[in-house]
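> Let me begin by handing over the structure; questions about it come next.
The values are calculated or read from the model by the stated rules, or taken from the named source; none is laboratory data. Quick caveat, the model's predicted, so the values are computed rather than measured. Quick reminder, even Gly has a Cβ in these numbers, built from the backbone with ideal geometry, and neighbours come from all protein chains shown. Ligands, DNA and RNA are stripped out before the accessible areas are found, and what is left, the full protein with its side chains, is counted by its heavy atoms. Shrake-Rupley method; radii C 1.70, N 1.55, O 1.52, S 1.80 Å.
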Amino acid sequence: MNRHVAAKARPRALAVALLAALATPGLAFAQTAKEQELEARIAQLEAQVQALLSQQQQQQSQISETQTQVTEVRTAQAQAPAAADGKPGIQRTQINSAGSPGTRFSYGGFIKLDASVTSTNDGDLADGSVGRLFYVPKTIPVGGGATAEGGADTDFGANFSRFWFASDTDLDSGDKLRSYLEFDLFGGGSTAFTGNEVSTNTYALTLRQAYVTWNNWLAGQAWTNFQDTAALPDAVDFLGPTEGTVFVRQAQIRYTNGPWSFSVENPQTVLTPYQGNMAQISGDDGAMPDVTARYNTTGDWGHFSVAGLARQLKYQDGAAGISETGTGFGVSVSGKFNVGASDDIRYMVTAGDGIGRYVGLALNNDAVLEADGSLDNIGVLAGFVGWRHVFSPKLRGNIFYSRAEYDNDTDLTGLGITRSAQSAHANLIYTPLPKLDVGAELIWGQREIESGDRGEINRLQTHVKYSF
């Protein structure tokens, strides 16, 4: 019986052996695919781990850098001199931006509130116009007596506040670099809502000067080299003796050597149309820049300066086939003469032909167009004289007179163009605290046109000005 059972078991064992032999390759194949899948997953996980480690290292580096900066700031604070009240003083370590090493930065300006009361006798100055903000003789109404509104107009404004930035660098080579940016708020808004006196009194930032100097060279926008700003009177009004003053800021390249300075400056021609009276059009800029030269000498007695200007005037009208050029020239003498310790006399006299835009805020034009489109220059003689007296360290006063006269060919210009303008000013400026001025100025101005009509303006101009 055992022999019979053993005989029946042999086929079963053989079958099991054959089945195992047949299944073994499949199992081996299945194990190989699984291993490949696991290896791919492991490789993916390793890549993610490496990315996390790299990110952690970057974060650690940033943390270390921040900790270093904090330590430097705390060190600087600890080294800063203590103020009298025991609080930390102004940081004495140098602050550098993108400037060259050793660059010194400075900032300044002033906050100014202007308030004025104005009356005219031959018409009305429009609300919000430039003539309401400061003395602009070109805007004095003439011939509009029938439309005069009468009474006086009062205006307040802070838009002549100003600020500036500057940098100075002394290089190891001995070269000296300086940059200067100056702005005020005398600019209107871009919409009817901004810049009005109804609710916002918002004004735009206005570029005044932007230039760089390299040793004796200047490049950028600055006061024209034909203007002597050091001779201007101490005025409460924005400018003061406007009609007698050379007053232009524009782009230029200037070279200064000792008392001499020379410049080439942006050209621009302003013209009176034929029989156009007070109308003004801008001619073509022309190919030649305006050229100036100045000589300046100073001493304990004050300063004296003389300047010359030569320029090309140009007008083009392609539709009419007109292309005309002319030449303008001018001379200006100015200065300040000290009279003792408490008084000085300031003055300027300018004469020329075809230089209208340089004088009195373009009170008159450079030239007038003839009927055929050719140019006829307009001559000008202008100037001012002023006396300044210091009553005490806190009180000073100024009196000055200004006048401009023009040589117009009325057959070309008409009778409505400015023949002359003049003004007289008297002010007192009180300084109760350092850099804080409170001033008041009485202004009388008159403009006369070629027909003989005259208009006058009377104004009380006041200001509160804090310089910083």
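> Could you tell me which of the residues ASP344, ASP290, ASP317 is open to solvent by 30 Å² or more (accessible area, probe 1.4 Å) and out of contact with any helix residue (DSSP H, G or I) (no Cβ under 6 Å at 6 or more places or on another chain)?
Result of the check over ASP344, ASP290, ASP317: ASP317.
> Go through segment 383-399 and report how many residues are touching a residue at least 60 places away in the same chain (Cβ under 8 Å), of a type outside the set (Gly, Ala, Ser) and more than 19 Å from LEU363 (Cα to Cα).
Of the residues in segment 383-399, 3 are touching a residue at least 60 places away in the same chain (Cβ under 8 Å), of a type outside the set (Gly, Ala, Ser) and more than 19 Å from LEU363 (Cα to Cα).
> Would you confirm, using the coordinates I've provided, whether GLN48 is open to solvent by 60 Å² or more (accessible area, probe 1.4 Å) and either under 30 Å from TRP164 (Cβ atoms) or modelled with pLDDT of 70 or more (or both)?
For GLN48, the condition - open to solvent by 60 Å² or more (accessible area, probe 1.4 Å) and either under 30 Å from TRP164 (Cβ atoms) or modelled with pLDDT of 70 or more (or both) - is met.
> While we're here: Name the residue, out of LEU133, LEU171, that is in contact (Cβ under 8 Å) with a residue 60 or more places away in the chain, under 30 Å from ASN216 (Cα atoms) and not acidic (Asp, Glu).
LEU171
> Follow-up. Might you check whether a residue that is touching a Lys or Arg at 6+ places or on another chain (Cβ under 7 Å) and part of a strand (DSSP E or B) occurs anywhere in segment 170-180?
There is at least one residue in segment 170-180 that is touching a Lys or Arg at 6+ places or on another chain (Cβ under 7 Å) and part of a strand (DSSP E or B).
> Give me the pairs: first residue in segment 413-438 and within 21 Å of GLY360 (Cα to Cα), second residue assigned to a loop (DSSP other than H, G, I, E, B) and among the hydroxyl-bearing types (Ser, Thr, Tyr), beta-carbon distance under 6 Å, and six or more apart or on different chains, which are they?
Taking only residues 6 or more apart or on different chains, the pairs are LEU415/SER451.
> Quickly run through segment 101-138 and pick out the residues that are more than 22 Å from the chain's Cα centre (by Cα), open to solvent by 50 Å² or more (accessible area, probe 1.4 Å) and modelled with pLDDT under 95.
PRO101, ASN121, ASP124, ALA126, ASP127
> Given (1) over 26 Å from the mean Cα position of the chain (by Cα); (2) assigned to a loop (DSSP other than H, G, I, E, B); (3) in contact (Cβ under 8 Å) with a residue 60 or more places away in the chain, identify the lone condition not met by ALA279.
Unmet for ALA279, out of (1) over 26 Å from the mean Cα position of the chain (by Cα); (2) assigned to a loop (DSSP other than H, G, I, E, B); (3) in contact (Cβ under 8 Å) with a residue 60 or more places away in the chain: (3).
> Of all the residues that make up segment 213-251, how many are crowded, with 22+ Cβ neighbours inside 10 Å and in a strand (DSSP E or B)?
Final tally of qualifying residues: 2.
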